[in-house]
Amino acid sequence: MRYPSLTVSPFLNHLLQLLQDGDSRVVGGLVILLLLMALLVGFIFHLRRPSPEEIERRRRERLAISGRITDGVITDARSFDGEDSTSPTPDVLYYSYRLAGVTYNCAQDVSRLPDLVFGFRIDQPAQVRYDPRNPGNSILVSESWSGLWQK
């Protein structure tokens, strides 16, 4: 079967002729070229995937901008190894808040926000930002907002 002659370029006409003739080197080269292009595209998409830290930062920022505010209380502060934290800047803050008769007990990793949690107290009242569609998704602090009372 002959393909109609293309006027686009002589190179494409020559390539089509080689494919019609079934030249195995050309077909193999095209297959390898297509595989390399697919690997390159997959690698680029993999590089564009956000890290877990970036995903968490985006979640905090989204709640800081569009979350609703309610009253809560800080119940505990711990380090990552589960020990009580005596440091003025803990790794994890535990807090609770109540919405529509349901009490939510949550924790937030605040290790990347030490300047915003400096000087907290256990049993200190705080404001909590939460997602009204998923009230368990909440924060005490973010890069642009803090529900902690400052001394």
Of the residues that make up segment 42-56, is at least one loosely packed, with under 10 Cβ neighbours inside 10 Å and of a type in the set (Val, Ile, Thr)? yes
Are any residues in segment 106-151 assigned by TED's automatic domain parsing to the domain that holds SER87 and more than 23 Å from the chain's Cα centre (by Cα), and if so, which ones? PHE118, GLY119, PHE120, ARG121, ILE122, ASP123, GLN124, PRO125, ALA126, GLN127
When only residues in segment 113-139 that are assigned to a loop (DSSP other than H, G, I, E, B) and touching a Lys or Arg at 6+ places or on another chain (Cβ under 8 Å) count, which is nearest to GLY72 (Cα to Cα)? PRO132
Among residues of segment 67-101 being of a type in the set (Gly, Ala, Ser) and in contact with an Asp or Glu (Cβ under 8 Å, 6 or more places away or on another chain), the residue modelled with the lowest pLDDT is SER85
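The values are calculated or read from the model by the stated rules, or taken from the named source; none is laboratory data. From a predicted model like this one, the values you see are computed outputs, not experimental measurements. A quick note on method: Cβ atoms are made from the backbone with ideal geometry, for glycine too, and the neighbour counts reach across all protein chains shown.
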